[in-house]
Amino acid sequence: LLQEDALIDRFWRGLGARRDDVVLGIGDDAALLTPPSGQHLVAAVDTLNEGVHFPSAIPASAVGHRLLAVNLSDLAAMGAVPAWATMSLSLPAPDEDWLRGFAEGLGALARRHDVALVGGDTVRGPLSLSLQLLGFVPAGEALTRAGAVPGDGIYVTGEPGLAAAGLRRMQASRPPSDPLVEAFLWPQPRLAVGRALRGVASAAIDVSDGLVTDLGRLLDASACGGRLDAASLPLSRLAGAGVDPDDALDFALAGGDDYELLFTVPPALAPVLAERSADWEVGVSRIGEVEKAPGLRISGGPDDLPTGWRHFDGGAQ
Ligand SMILES: [Mg+2]
């Protein structure tokens, strides 16, 4: 493996955005950063292991993109603005091509969201990648999973299920430019949406492990239950990509890796949501309603809703 100093010079120094609040960046014993006053510091961390969190076959640039995207998505779900990242990489063998691709994918997404890489550690071992992302949210304005109350509408951005369908398709044949495979490889965290939901959403979470699982977490945290209307799930891109309707519903309900935002909005603020979402780069769908009774009920959809979905008990998975 290349020496740590050489790795820093070649790949990590200057990766991502330049920020005035970085007093001292990568290359010393630690970074020096200036947090803005009046804001909470928001911190998230995620680890990706090869073969567990991403297939070995995906391009290095997509791995770099994913490592940052999963953390950006967590900050989006808090209504936060990202700023600084540190990462820890365990790599099995020297592979400059792989590192270059990884740095390109990570750096491009970091620049797009104004994130500076301010620290990194590289060790030899099984391929395992960990990134911590720091950002800000005005004090008192963060979105959390708690806060939904009965009567709130349940909404989701984009079309959950695309990534899972893309992963299945990639494992089957690896078509070069399938839109579903693209959705799996290049998830787009919804930071602008998260910020716009401050003061509108009563609760929010990002969809990382599947719509039903993550909605269960939000409802549990809010001490509520809910009803999900399967007939109102957005499935048009899955249908357009030739996915069988039963499979599409399964992907939408249980598929992970979408990194869309799932959130609740009080009825009185639905017009504000409609106004703000008009110029979003992604669509938003109302897919259900928060209810008092615990558990998640799934209504609507085809009569042959896959076994287990019709009377899903919610939460515990
Ligand atoms: Mg999350």
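The values are calculated or read from the model by the stated rules, or taken from the named source; none is laboratory data. Model, not experiment: these values are computed from the prediction. Virtual Cβ from ideal backbone geometry, glycine too; neighbours counted across all protein chains shown.
A few points about this structure:
Quick grid of which residues meet (1) within 29 Å of LEU89 (Cα to Cα); (2) out of contact with any Pro (no Cβ under 8 Å at 6 or more places or on another chain); (3) assigned to a loop (DSSP other than H, G, I, E, B):
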site	(1), (2), (3)
GLY119	yes, yes, no
SER130	yes, yes, no
LEU134	yes, no, no
GLY140	no, yes, yes
THR144	no, yes, yes
GLN188	yes, yes, yes
VAL193	no, yes, no
VAL200	no, yes, yes
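- Among (1) touching a Lys or Arg at 6+ places or on another chain (Cβ under 6 Å); (2) at positive phi - the single one ALA76 does not satisfy: (2)
- Conditions (1) over 14 Å from LEU134 (Cα atoms); (2) touching a residue at least 12 places away in the same chain (Cβ under 8 Å); (3) away from the ligand (no atom under 16 Å from the Cβ); (4) surrounded by 14 or more Cβ atoms within 10 Å (Cβ to Cβ): number failed by ARG66: (3)
- If you go through region 26-50 and keep only what is touching a residue at least 60 places away in the same chain (Cβ under 8 Å), surrounded by fewer than 17 Cβ atoms within 10 Å (Cβ to Cβ) and part of a loop (DSSP other than H, G, I, E, B), you end up with ALA30, PRO35, PRO36, GLY38.
- Filtered residues of region 251-300 (kept if touching a residue at least 24 places away in the same chain (Cβ under 8 Å), assigned to a loop (DSSP other than H, G, I, E, B) and within 24 Å of the chain's Cα centre (by Cα)): GLY255, GLY256, ASP257, ASP258, TYR259, PRO266, TRP280, GLU281, VAL282, GLY283
- Some residue of region 4-18 being among the hydrophobic types (A, V, I, L, M, F, W, C), closer than 30 Å to SER208 by Cα, within 25 Å of the chain's Cα centre (by Cα) and modelled with pLDDT of 95 or more: yes
- Per-region count, region 75-90, residues touching a residue at least 60 places away in the same chain (Cβ under 8 Å) and more than 16 Å from the ligand (Cβ to nearest atom): 4
- Number of the condition not met by VAL52 [criteria: (1) within 16 Å of the ligand (Cβ to nearest atom); (2) over 18 Å from LEU106 (Cβ atoms)]: (1)
- In region 214-243, the residue that is farthest from the ligand (Cβ to nearest atom) out of those that are under 17 Å from THR157 (Cβ atoms) and of a type in the set (Ser, Thr, Tyr) is SER236.
- When the residues of region 203-213 are filtered to those that are assigned to a loop (DSSP other than H, G, I, E, B) and within 10 Å of the ligand (Cβ to nearest atom), the one that is surrounded by the most Cβ atoms within 10 Å (Cβ to Cβ) is SER208.
- Residue match in region 99-117 (condition: modelled with pLDDT of 95 or more, at negative phi and touching a Lys or Arg at 6+ places or on another chain (Cβ under 7 Å)): yes
- Here VAL23 passes the criteria (1) at pLDDT 90 or above; (2) part of a loop (DSSP other than H, G, I, E, B); (3) farther than 21 Å from ALA108 by Cα except the one numbered (2).
- Residue satisfying condition, being in a helix (DSSP H, G or I) and within 16 Å of the ligand (Cβ to nearest atom), within set LEU99, LEU109, LEU72: LEU72
- Residue list for region 175-202, filter: more than 13 Å from the ligand (Cβ to nearest atom), closer than 26 Å to VAL272 by Cα and surrounded by 24 or more Cβ atoms within 10 Å (Cβ to Cβ): VAL193, LEU197, ALA201
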